[in-house]
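See below for the structure under consideration.
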Amino acid sequence: MPTVLANVNDLLEKMMLEETGEYASTGGRKAKSIGINKSYCHAMGILITANHIEMVLVNLGDEIIKKDRIRLKFTAELSYCTEVAQKVKTFLEGELAKNTLLGIGVAIPGIIDQKERIVLKSHALGIENYSLRFLEQALEIPVYFENDANAAMLAEKKQKYPNAIYLSLNHTLGGAFCIDGKLFRGQNQKAGEFGHMILVPGGRKCYCGKSGCADAYCAASVLTQNNRQSLDAFMEKIQSGDEKILQTWNEYLDHLAVLISNLRMAYDMDIILGGDVGGVLSDYMIPLGEKVMAYNGFEHDVSYLKNCSYKKEASAVGAAKYFFTKHMVEL
């Protein structure tokens, strides 16, 4: 008990913990409740896409205290890095949290060599062997770079999902998975590329050049007709009973169910449904679950299917949260 009290007092003095109230009296002095001081430190997260940047400011309680989405077309020119740095500066103006900012996590759709600070390849951004050094210098504070799907996995609570697969159902299909609370990256940083597993041999052409990839059947682009309509508009048409849209949705769930069943058989882990489509699937878990069970004769429930904690901001939040883990380790 003396050691615990000494540690708690030390953390209170450092302002990492704070008094959050009092418990009911049991006859003596009321006991005080102690909790994390959410404002002790903050981190910023950025998601870079082909046409936008998503920015979030996150506190130690994993709460988004500010967010913004800005249209900014990606280019490989150095001027792009300068413009991103200016957007970040504007985003943080007037925020008291910038004085407790640990760093900026940047999520990028692509394969990243973190040690060398290079995007080895990104189909979404149209780049190969792209150096991130100038962007790092332009931001002027500690920066962490991460693949967007890996970052989305990091946004989930490790205590809740120490072993899990994350399906990122965005414009393209990405993925990641954790083992014992740590991202598994594979030998060449390509672990979790579930979008390029063959789902339908000889099927639809995928942007990678192969035919029948899961991406060609389960990415959000299947529903948005490659961004010719918004996902929100597609979902509204489902509600209105549009027969053609309902058929497309039913086929989409069929293919997604096959992918989920295959992943469950291979990894025997919880599967978190994230990304743009994952954000709207919570209302359709029963029909999706029924389809999954039809393909899996070894299990009689789909309680391993989980909805994501964050929707559009997941990758930016996960990239930001890296700094909280790093800071705690250093303490």
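Highest-first packing order for the peptide set 158-169, 310-321 is 310-321, 158-169, based on the mean count of other beta carbon atoms within 10 Å. The slack in the chain from residue 140 to residue 31, taken as 0.36 nm per residue of separation less the alpha-carbon distance, amounts to 34.8 nm.
Basic side chains Lys and Arg get +1 at the Cβ, acidic Asp and Glu get -1 at the Cβ, and with that the dipole of the chain about its Cα centre reaches some 340 debye.
If R0 is 22 Å, the Cβ-Cβ spacing of residue 207 and residue 113 corresponds to a FRET efficiency of close to 0.50.
Each Cα pair under 8 Å and six or more residues apart adds its sequence gap; the mean of these over the residue count of segment 127-177 is a relative contact order of 29 percent.
Entry note, the chain: the mean residue ellipticity at 222 nm calculated from DSSP H runs of n ≥ 4, each adding -39500 (n - 2.57), is -10500 deg cm²/dmol after division by the residues and rounding to the nearest 500. Checking the cross-link pairs 157/210; 87/244; 14/321; 67/157; 210/326 against a 31 Å limit on the alpha carbon distance flags 157/210; 87/244; 210/326 as lying beyond it. Measuring between their Cα centroids, segment 170-209 and segment 250-301 lie 16 Å from each other.
Across the chain, the relative contact order, built from alpha-carbon pairs under 8 Å that are at least six residues apart, equals 18 percent. Its Cα gyration tensor gives the chain an equivalent ellipsoid; the semi-axes, largest first and in whole Å, are 36, 27, 19.
Of the peptides 199-210, 254-265, 120-131, the order by per-residue mean of other Cβ atoms within 10 Å, starting with the highest, comes out as 254-265, 120-131, 199-210.
Counting only alpha carbon atoms, the long axis of helix 285-295 and the longest principal axis of the chain meet at about 60°.
Extension gain, residue 4-residue 180: 0.36 nm per intervening residue step, less the Cα-Cα distance, totals 60.6 nm. Dividing the mean sequence gap of close Cα pairs (under 8 Å, 6+ apart) by how many residues segment 1-114 holds gives a relative contact order of 22 percent. Which aspartates and glutamates, on any chain, are close to residue 30 with Cα under 18 Å apart, when same-chain ones fewer than 8 places away are left out? By straight Cα distance, residue 30 reaches 18, 19, 22. Accessible surface of residue 172, taken over heavy atoms with a 1.4 Å probe and every protein chain present, rounds to 40 Å².
The values are calculated or read from the model by the stated rules, or taken from the named source; none is laboratory data. Here the structure is a predicted model, which is why all the values come from computation and not from measurement. Because the Cβ atoms are built from the backbone with ideal geometry, glycine has one as well, and the counts that use them run over all protein chains shown. SASA here: full protein model, heavy atoms, side chains in, ligands and nucleic acids out. Shrake-Rupley method; radii C 1.70, N 1.55, O 1.52, S 1.80 Å.
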